[in-house]
Amino acid sequence: MVLKLQWNRGKSFGLALIYLGIMGLLQIIFIAIGQYGMHIGSRPIVILIPIGIILATFYSLIVLFESTTSVVDFRKIHQSVSKKSKKKTTQKPGFKGFINNIYVKPVLMIIVVFSVLFGIAYLISFSWTEQASTFAIADNVAGFGVIIFANYMEVSTKRKAR
């Protein structure tokens, strides 16, 4: 069963703010790439477009988190303290356990998909347009691609759950 959280209440609101901050930091990296690596000096392109992309990647991250996390996995982490002391949780140690964590896996998926789509869109549009519009095109294509990827993952998860 797929998890559907109420993101504006309780512990889920804090998680949503953490995810929004992570997507903001991701866009700060791409703003620095655009400003210093691509030598773009236009403030609307470097500031206003990434604000929209932050919201798009945040929405995609929320959709992906809800579609990849089942209720059983979510409840295992949010057990009461007395149950944790009685049972020892078996977590995978090391890097593989970190990647498969239910909170980290959607973030890494979004970051990888956004970075790959940004790179591909930048390489394709580099030869067709000028430098400033290349960054805007690549950022928008990557943002829309991440939304499409998250929705595809949600639909495929619903098909498996049936």
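The values are calculated or read from the model by the stated rules, or taken from the named source; none is laboratory data. On a predicted model such as this, the values are computed, not experimentally measured, just so you know. Positions of Cβ are generated from backbone atoms using ideal geometry, with glycine treated the same way; all protein chains shown enter the neighbour counts. We work out accessible area using only protein heavy atoms, side chains counted, and drop any ligands, DNA or RNA first. Shrake-Rupley method; radii C 1.70, N 1.55, O 1.52, S 1.80 Å.
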Environment charge at I31 (Cβ cut-off 12 Å; Lys +1, Arg +1, Asp -1, Glu -1): 0
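Sort 113-121, 28-36 by the packing proxy (mean of other Cβ within 10 Å over each peptide's residues), most packed first. The partial results should precede the final answer.
Numbers: 113-121: 17.6, 28-36: 15.9.
Result, highest mean first: 113-121, 28-36.
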Accessible area, probe 1.4 Å, largest first, for residues T69, T129: T129, T69
